[in-house]
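The values are calculated or read from the model by the stated rules, or taken from the named source; none is laboratory data. Quantities reported herein were computed from a predicted structural model and do not represent experimental measurements. As a convention, Cβ positions derive from the backbone with ideal geometry for all residues, glycine included, and neighbour counts pool all protein chains shown. For the accessible areas, the whole protein counts, side chains as well, though only heavy atoms, and no ligand, DNA or RNA atoms are used. Shrake-Rupley method; radii C 1.70, N 1.55, O 1.52, S 1.80 Å.
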Amino acid sequence: MYRLGFFLFLITSGIPSGSNAQALRFGSGIFAGLNLSQIDGDDMQGYDKMGINAGLRGIAYIIPKLEFHTELAYNQRGSQSKGFSQSNDKGRKMILDYASINALVVLNDWFHPIKEYYRIQACAGVGTGRLIRSNVYDPAGDRDQRQIPLSHLPPFLNTTDFSLILGINVKVDEQAGLSFRFNRSMNKLLDSDLVPTINERRVYSMTGYFISCDFFYHF
């Protein structure tokens, strides 16, 4: 899957634009920003886990109002309790880092009549991610009978993620702008049916979410 995605990315980013590609123009870009993430089922609430989101983008300009984007991305997800402080042994944290491939359909709108570019882009698509790093900080997990002991869960985490992506890009000029996105996993990060009862405490299924804000630049 990842070899195929990388091959598609090379196709969309490596073909020259302009007069050398009359029927269909291609481009490329970069993006970087921050994620705020959470996980349903982990006994914590709120988008409190901050992380990095960055990657490369390939662009196919199909018609003036329609584009197709492919992305290779690195994003840091997970969850974190409010008021987390590792130095004071307060709170809990799940660190989940992914390498992802995204495919997005992008619609352009709000044309700038003078500079001749579309200022708003609405995007929707899917992504598949591979969990490349996981870590848990839960000093009170084995003592607090009210919480799931997170330290026992990493061996049961699903290493493949399938996500639904919705977002909007706001361009500040023809090549650069800001991107705002919502990502929801369509499969479970952890399936409770596959996890035994831990210290007589039930484990619930987990699903990941994250929102992101990125700066992008298209070449």
Practice problem: Mind pulling the angle between the C-alpha long axis of helix 2-14 and the longest principal axis of the chain? Nearest 10 degrees, somewhere in 0 to 90. | Solution: 30
Quiz item: Quick one: Karplus J couplings for segment 69-75, per residue in order, coefficients 6.51, -1.76, 1.60, θ = phi - 60°, nearest Hz, x for Gly and Pro?
Solution: 10, 10, 9, 10, 9, 10, 9
Quiz item: Taking amide H positions as placed 1.01 Å from N in the peptide plane, with prolines and chain starts having none, which residues 5 or more places from residue 47, or on another chain, fall under 5 Å of its amide H?
Solution: none
Quiz item: Out of residues 5 or more away from residue 78 or on other chains, whose amide H comes under 5 Å of its own, with H placed 1.01 Å from N in the peptide plane?
Solution: 38, 96
Quiz prompt | Along each principal axis, Cα extent of the chain, largest first, Å | solution = 67, 33, 24
Quiz item: In the chain, carbon and sulfur make up what percent of the accessible area (probe 1.4 Å)?
Solution: 60
Quiz prompt | Total lysine pairs whose alpha carbons fall under 24 Å of each other in the chain (8 or more apart, or interchain) | solution = 11
Quiz item: Summing +1 for each Lys or Arg and -1 for each Asp or Glu, what net charge is found among the other residues whose Cβ lies under 13 Å from the Cβ of residue 119?
Solution: -1
Quiz item: So how strong a dipole does segment 71-219 carry about its Cα centre when Lys and Arg Cβ are +1 and Asp and Glu Cβ are -1, to the nearest 20 debye?
Solution: 380
Self-check item: Amide hydrogen neighbours beyond the local backbone of residue 177, cut-off 5 Å, H modeled
Solution: 172, 216
Self-check item: R0 of 35 Å, Cβ-Cβ distance residue 82-residue 194: FRET efficiency to nearest 0.05
Solution: 0.75
Quiz prompt | In Hz, Karplus ³J(HN,Hα) per residue of segment 89-106 (6.51, -1.76, 1.60; θ = phi - 60°; x = Gly, Pro) | solution = 6, 10, x, 9, 8, 10, 10, 10, 10, 10, 9, 10, 10, 10, 10, 9, 9, 10
Quiz item: Averaged per residue, what accessible surface does segment 45-103 expose to a 1.4 Å probe, in Å²?
Solution: 43
Quiz item: Distance in nm between label sites at residue 133 and residue 111, each 7 Å beyond Cα in the beta-carbon direction?
Solution: 4.6
Practice problem: Pop out the ³J(HN,Hα) list for segment 161-171 in order, Karplus 6.51 cos²θ - 1.76 cosθ + 1.60 with θ = phi - 60°, rounded to Hz; leave Gly and Pro as x. | Solution: 10, 10, 10, 9, 10, 10, x, 9, 10, 10, 8
Quiz prompt | Computed [θ] at 222 nm, deg cm²/dmol, the chain (DSSP H ≥ 4; -39,500 (n - 2.57); rounded to nearest 500) | solution = -2000 deg cm²/dmol
